[in-house]
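Inspection log for the structure reproduced underneath, given as structure tokens.
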Amino acid sequence: MKNHFATLGLIVALASPVAAQSDAFTHGPVINGFGAVAKVDPDLALPANLDFKVVFDVKAGVPGEKNNNLDSVARFMNMLGASGVPASRIHPAVVIHNKALWDVTTDARYTAQHGVANPNTDLVRQLVAKGVPIYVCGQTLAQSNVSKSELAPGVKVALSAMHAHAILNRQGYSLNPF
């Protein structure tokens, strides 16, 4: 019996820092309900005059779950917004290809593919509303037999993901390595 209490005590002790750590994360101020961030005291200062032009190459999420790569776009925006960077200097872009396509389709198309509503609908809607360009690889679209009308509102089509990256790079976007 003593071992059970000791084990329970160890579990509670180990879980406490995790619970306390998760309390440090909040959503917003740019994208609500997504992109949780923690306040930190960084040693690398955010330059006051830098435009943050970053492209995110989004990988497929787990069917039926929020796409963590899309959530990273919200986290990027929320970190900068919470750190005082004006919205006029925050310029993420998103490139979607392969199976990540499903995460930016309408609820009807997503449901037809996965049997559940698209958990990314609100996140995609908020990103588009904030002016974030989301480009789907046209080659993936054709290969998957998905039409433009089956994409979430505001999602655009590029000739390919490769072309989207090349164009965005020439426009001054850096590739987010995560």
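Can you report the number of residues in the stretch 35-94 which are closer than 21 Å to residue 135 by Cα and among the hydroxyl-bearing types (Ser, Thr, Tyr)?
2
Just one of 90, 134 is in contact (Cβ under 8 Å) with a residue 60 or more places away in the chain, within 20 Å of residue 53 (Cβ to Cβ) and buried (at least 21 other Cβ atoms within 10 Å of the Cβ); which is it? Even if it seems obvious, please write down each step before you answer.
Working: 134 fails: in contact (Cβ under 8 Å) with a residue 60 or more places away in the chain.
Answer to the selection: 90.
Only one residue in 124, 95, 85, 73 is buried (at least 23 other Cβ atoms within 10 Å of the Cβ) and over 21 Å from residue 150 (Cβ atoms). Which one?
Numbers: 124 fails: over 21 Å from residue 150 (Cβ atoms); 95 fails: over 21 Å from residue 150 (Cβ atoms); 85 fails: buried (at least 23 other Cβ atoms within 10 Å of the Cβ).
Result of the check over 124, 95, 85, 73: 73.
Do any residues in the stretch 63-86 that are within 30 Å of residue 115 (Cβ to Cβ) and of a type in the set (Asp, Glu) have Cβ atoms under 7 Å from those of residues that are modelled with pLDDT of 95 or more and outside any loop (DSSP other than H, G, I, E, B), where the two are at least six apart or on different chains, and which pairs are they?
71/123
Can you say whether residue 109 is free of Cβ contacts under 8 Å to residues at least 60 places away in the same chain, crowded, with 20+ Cβ neighbours inside 10 Å and among the basic types (Lys, Arg), as far as the supplied structure shows?
On the way: free of Cβ contacts under 8 Å to residues at least 60 places away in the same chain: yes; crowded, with 20+ Cβ neighbours inside 10 Å: yes; among the basic types (Lys, Arg): yes.
Criteria met by residue 109.
Could you pull out the residue among 61, 35 that is modelled with pLDDT under 95 and surrounded by 17 or more Cβ atoms within 10 Å (Cβ to Cβ)?
Numbers: 35 fails: modelled with pLDDT under 95.
That would be 61, the only listed residue that is modelled with pLDDT under 95 and surrounded by 17 or more Cβ atoms within 10 Å (Cβ to Cβ).
The values are calculated or read from the model by the stated rules, or taken from the named source; none is laboratory data. Owing to the predicted nature of the structure, the values given are computational and were not obtained by experimental measurement. All Cβ positions, even for glycine, are placed from backbone atoms using ideal geometry, and neighbour counts span all protein chains on display.
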